[in-house]
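Asks: What follows is a structure written as structure tokens; I'll ask about it next.
The values are calculated or read from the model by the stated rules, or taken from the named source; none is laboratory data. Just so we're clear, the structure is a prediction, and the values are computed from it rather than from any experiment. For neighbour counting, all protein chains shown are included, and Cβ atoms are generated from backbone atoms with ideal geometry for every residue, glycine included. Quick note on the areas: whole protein, heavy atoms, side chains included, nothing else; ligands and nucleic acids left out. Shrake-Rupley method; radii C 1.70, N 1.55, O 1.52, S 1.80 Å.
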Amino acid sequence: MIAASYTIPDLLVFVAAAAMVLVGAVGVISFRNPVHSAISLILTLLGVAVSFIEQEAHFLAAVQVIVYAGAIVVLFLFVIMFLGVDEREDVSVEPLIGQRPLAYASVLVTVGGILAMLSRGGWVTGAQTVTGPTEVMNGSTPDNVMAVGQSVFTTYLFA
């Protein structure tokens with residue numbers, strides 16, 4: 001059934017999201033610099049995410065931001081910047097002096113964090129059930145998001 005009524009805040013959010021989409025789309029095709037076009041594409045995708053939020057499709061909005069605005073456009077930017085390099089680099093000079101020790105320290109911290117999660121996760125090697133938790137917590141059934149989060153970060157952490 002199509003909703004016949006709307007509120008003023010709904011209308012304002014729709015107009016703002018539509019303006020974001022249109023301004024970003026015009027920017028994508030009008031900018032000469034490809035990096036500016038990619039940033040305009042981010043504006044367009046964020047406008048679409050705002051319209052998803054207005055329609056209460058929160059998962060689609062999150063996917064829109066994470067996958068499209070976050071990953072795909074970053075991939076576009078990497079390709080643009082890799083193809084746009086015209087100068088030769090002098091590899092004998094290291095531009096950032098402390099970069100290598102910080103990178104090694106970051107790797108050690110990350111591996112240590114992963115090992116700590118694995119040691120304290122309480123994961124097992126097989127699924128006991130496929131239907132999910134059915135126990136009653138404090139007189140009510142558990143929240144689906146909480147149950148999925150607990151199973152992903154405990155039982156199925158290693159997998």
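Asks: Excluding ligands and nucleic acids, what accessible area in Å² is computed for residue 54 using a 1.4 Å probe, to the nearest 10?
Replies: 60
Asks: Give me the extension gain from residue 108 to residue 33: residue separation times 0.36 nm, minus the current Cα-Cα distance, reported in nm with one decimal. Spell out each step's value before the answer.
Replies: Details: separation 75, 0.36 × 75 = 27.00 nm, distance 3.88 nm.
This chain segment gains 23.1 nm when fully extended.
Asks: Still on this model: What length, rounded to one decimal in nm, is gained on full extension from residue 156 through to residue 71, with 0.36 nm per residue of separation minus their alpha-carbon distance?
Replies: On the way: separation 85, 0.36 × 85 = 30.60 nm, distance 2.50 nm.
That works out to 28.1 nm of additional length.
Asks: Sort 100, 32 by heavy-atom solvent-accessible area, probe 1.4 angstrom, most to least. It would help to have the intermediate numbers written out before the result.
Replies: Details: 100 140, 32 230 Å².
Ranking 100, 32 by accessible area, largest first, yields 32, 100.
Asks: For region 1-62, just run the numbers: alpha carbon Rg, then divide by 2.2 N^0.38 Å, N being how many residues it has. Walk me through the intermediate numbers first.
Replies: Details: Rg = 13.6 Å, N = 62, 2.2 N^0.38 = 10.6 Å.
Normalised Cα radius of gyration, region 1-62: 1.29.
Asks: With a Förster radius of 22 Å, plug the Cβ-Cβ distance of residue 63 and residue 18 into 1/(1 + (r/R0)^6) and report the FRET value to the nearest 0.05. List each step's numbers first, then the result.
Replies: Details: r = 20 Å, r/R0 = 0.92.
Efficiency computed from Cβ-Cβ geometry: 0.60.
Asks: Taking the simple approach of a point 7 Å from Cα along Cα-to-Cβ for both residue 82 and residue 115, what is their distance in nm?
Replies: 3.2
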